[in-house]
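Trainee: This is the structure, below, for whatever I ask next.
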Amino acid sequence: MIVGGPEAPAQAARRGTAARAHVPRSSHARLELDDTRRDPLRIIEAQAADRLPELVPLRHGRMAASPWAFFRGAAAVMAADLAHTPATGLRVQLCGDAHAGNFGGFAGPDRRMIFDLNDFDETLPGAWEWDLKRLVASVAVGGRERGLDRNRRTEAIGGAVREYQGAMRDFARMRTLDVWYAKLDVEQDVDRWAPELSKARRAKLDREIGKAEAKDNVRAFAKLAESVDGSPRIAAAPPLIVPLRDLLPNGERAEAEDRLLKLLAAYRDTLAPDREHLLDGYRPVDFARKVVGVGSVGTRDWIALLMGQGDDDPLFLQIKESTRSALEPFAGRSDFANEGRRVVEGQRLMQSASDILLGWLRDATTPGERPRDYYVRQLWNAKGTPPIDSMPARGLVDFARVCGWTLARAHARSGDRSAIAGYLGRGDHLERALVRFAEAYADRNERDHAALVAAVRSGRIAADPA
């Protein structure tokens, strides 16, 4: 049978509508967790087992700083919780950690600022509901952190759901190629998403866009590099940035540097030929271990400084360890044997445009250690993420709507958009359910954060100041 004729979208929509019979939209309000078996601290401790032990207390300290910080680092905890919530069985490529802090602006290949998801460490195919529930829960948690009242939080959460719902209907009516071309241009689309901006707020937003656009390799070089014996090197800022020269003694350093150079060569082989040619215009000059975001603290992450033609032509690459997705125990194994490739392919599938130097590698050369997977990208690519926990009330409402639209576009690229749109429908059943879910999960998150703080105080979990 030929699939994809004129009736296919309508049939898919009917299948989505039929899914309401076994998963009513109102059922998504449910959050039924067994406190006698659920131990979020055990999940966090299990993650620490394969991380650099000297950095694990820093991760715990960062997570203990606030409920919002805990939420950002607890993707694995929420993944375990989401596995016990209703799901239609309609699958998409998931971000896996679609909280509001993982959306933001960055420069596309044409150097225009676009808005999109920007963290894919946990990406994996799975239930579309899981990403949306993590997003709305993050709005509730971030809104509480900001001190917004229940009505404002409800407005923001509901806006995210309505935009997701409406956008999915729009994408279901679009031609497939048009869905893949769809993107949100930060400067062109500001008025659509924030029509009520005052002159002062618009001026502030323009300044923030300008700051993000300036966050490129030249700016990174000015901030992160120094001259050592007349040569450019990565500046030390321990424990967050530790150059290889400070990390290992002389004898071991040469061996480690040689290994890292070989890994860069392996990464080069995952690029398209034109990107290989681009990379060949640079030479590696230094490496450093770098501590990254809350959830990844303790993984083996590096930055590499490369230089092109002259001292004003730098390139910083981030070499980030990729472990198994937090979703894997509940959504199944990835189709890709290399976890770095899992991240890269998921990112390319979900983002409207991705870093031109995105690639992956496997390190099987470290004596006494199992092979480790990594993905590679530019360290700074005009990236800017608004501070969710300090955003003005109106700003959070507008931002949540943009995130809802962006998540729908990402899901529409990989999932059956007609079936999902059919399930979502036009009413407010899902919106009301997810408002209740988000607030219930924010309550749960506060209790989990308090449990971590208590465990730190009792000495069960070691933590350094954030």
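The values are calculated or read from the model by the stated rules, or taken from the named source; none is laboratory data. Not measured: the values here are computed from a predicted model. Methodologically, a virtual Cβ is constructed for each residue, glycine included, from the backbone with ideal geometry; neighbour enumeration extends over all protein chains shown. In case anyone asks, the SASA skips ligands and DNA or RNA and just uses the protein heavy atoms, side chains included. Shrake-Rupley method; radii C 1.70, N 1.55, O 1.52, S 1.80 Å.
Trainee: Quick one: 3J(HN,Hα) in Hz for the range 271-280, Karplus 6.51/-1.76/1.60 with θ = phi - 60°, rounded, Gly and Pro as x.
Mentor: 3J(HN,Hα) across the range 271-280, in whole Hz: 8, 5, x, 5, 6, 4, 4, 4, 4, 5.
Trainee: Using a 1.4 Å probe, how large is the accessible area of Arg219, given in Å² and rounded to the nearest 10?
Mentor: Looks like 120 Å² after rounding.
Trainee: Ignoring ligands and nucleic acids, what accessible area does Asp34 show with a 1.4 Å probe (Å², nearest 10)?
Mentor: Using a 1.4 Å probe on the heavy atoms, I get roughly 80 Å².
Trainee: Return one whole number: the accessible area per residue of the chain in Å², for a 1.4 Å probe.
Mentor: Spelled out: the 1.4 Å probe surface of the chain, per residue, equals 44 Å².
Trainee: What's the center-to-center distance, using Cα atoms, between the range 243-276 and the range 147-178 in Å?
Mentor: The two parts, judged by their Cα centres, are 43 Å apart.
Trainee: Sequence-distant or interchain residues sharing an amide H contact under 5 Å with Val228, placed H: which?
Mentor: For Val228, whose amide H was placed from the backbone, the distant partners under 5 Å are Arg233.
Trainee: Would you please give the residues with an amide H less than 5 Å from that of Asp286, counting only those at least 5 places away or on a separate chain, with H modeled from the backbone geometry?
Mentor: Leu305
Trainee: Using a 1.4 Å probe and counting only protein heavy atoms, arrange Trp180, Trp380 so the residue with the most accessible area comes first.
Mentor: Trp180, Trp380
Trainee: Run the dipole for the chain about the Cα centre, Lys and Arg Cβ at +1, Asp and Glu Cβ at -1, nothing else charged, and hand back the magnitude in debye, nearest 20.
Mentor: It comes to approximately 1360 debye.
Trainee: Fully extended, how many nm does the chain gain between Arg283 and Val179 (0.36 nm per residue separation, minus their Cα-Cα distance)?
Mentor: Difference between extended and current length: 33.6 nm.
Trainee: How high is the FRET efficiency between Glu226 and Asn151 when r is their beta carbon distance and R₀ equals 60 Å, given to the nearest 0.05?
Mentor: Plugging the Cβ-Cβ distance into 1/(1 + (r/R0)^6) gives 0.75.
Trainee: Using alpha carbon centroids, what distance separates the range 71-136 and the range 372-451, in Å?
Mentor: Each part reduced to its Cα centre gives a spacing of 7 Å.
Trainee: To the nearest 10 degrees, how steep is helix 128-146 against the longest Cα principal axis of the chain, on a 0 to 90 scale?
Mentor: 80
Trainee: Over the Cα atoms of the range 360-466, what radius of gyration and what Dmax do you get, in Å?
Mentor: So, for the range 360-466, Rg and Dmax equal 20.9, 59 Å respectively.
Trainee: A follow-up question, please. Would you kindly find the accessible area of Ile319, with a 1.4 Å probe and non-protein molecules such as ligands, DNA and RNA excluded, rounding to the nearest 10 Å²?
Mentor: Taking all protein chains as shown, Ile319 has close to 10 Å².
Trainee: Now a separate question. Stokes-Einstein D for the range 283-322 at 4 °C, 1.567 mPa s, Kirkwood Rh over Cα pairs, in µm²/s?
Mentor: Roughly 118 µm²/s, to the nearest whole number.
Trainee: Along Cα→Cβ, 7 Å out, is where each label goes; now give me the distance between the ones at Asp269 and Glu45 in nm to one decimal.
Mentor: About 4.1 nm separates the two model spin labels.
Trainee: Accessible area, 1.4 Å probe, largest first: how do Tyr441, Tyr181 sort?
Mentor: Ranked list, largest accessible area first: Tyr181, Tyr441.
Trainee: Per-residue HN-Hα couplings for the range 162-174, Karplus 6.51 cos²θ - 1.76 cosθ + 1.60 at θ = phi - 60°, whole Hz, x for Gly and Pro?
Mentor: With coefficients 6.51, -1.76 and 1.60, one gets 4, 5, 4, 5, x, 5, 5, 5, 4, 5, 5, 8, 8 Hz.
Trainee: Report the full-extension gain for the segment Ser458 to His84: residue separation times 0.36 nm, less the Cα-Cα distance, to one decimal in nm.
Mentor: The Ser458-His84 span can extend by a further 131.6 nm.
Trainee: Related question: For the range 301-437, what does the convex hull of the Cα positions come to per residue, in cubic angstrom?
Mentor: 194
Trainee: For a Förster distance of 45 Å, can you work out the FRET efficiency between the beta-carbons of Thr385 and Asn250, rounded to the nearest 0.05?
Mentor: In this case the efficiency is close to 0.70.
Trainee: Just to check I understand the Karplus step: with θ = phi - 60° and J = 6.51 cos²θ - 1.76 cosθ + 1.60, what whole-Hz values come out for the range 337-345, glycine and proline as x?
Mentor: 6, 9, 5, x, 5, 3, 5, 5, 5
Trainee: What order do Arg51, Arg20 take when sorted by accessible area (1.4 Å probe), most exposed first?
Mentor: Ranking Arg51, Arg20 by accessible area, largest first, yields Arg20, Arg51.
Trainee: Please list, in chain and number order, the residues 5+ apart from Leu184 or on another chain whose amide H is under 5 Å from its amide H, with Hs placed from the backbone.
Mentor: For Leu184, whose amide H was placed from the backbone, the distant partners under 5 Å are Phe115.
Trainee: Find, among the GluC sites (Glu not before Pro) in the range 320-370, those assigned to loop by DSSP (not H, G, I, E, B) with at most 12 other beta-carbon atoms within 10 angstrom.
Mentor: Sites meeting the loop and neighbour criteria: Glu369.
Trainee: Ignoring ligands, DNA and RNA, what percent of the accessible area of the chain is carbon or sulfur (1.4 Å)?
Mentor: Percent of accessible area from carbon and sulfur atoms in the chain: 50.
Trainee: Return the ratio Rg/(2.2 N^0.38 Å) for the range 1-126, where Rg is computed over Cα atoms only.
Mentor: After normalising by residue count via 2.2 N^0.38 Å, the value is 1.41.
Trainee: Here's a follow-up. For the chain, what is the number of Lys pairs with C-alpha distance below 23 angstrom, counting only pairs 8 or more positions apart or on separate chains?
Mentor: 22
Trainee: A further question follows. Provide the FRET efficiency to the nearest 0.05 for the Asp35-Leu261 pair, computing r from the beta carbons and using R0 = 45 Å.
Mentor: My answer for the efficiency is 0.35.
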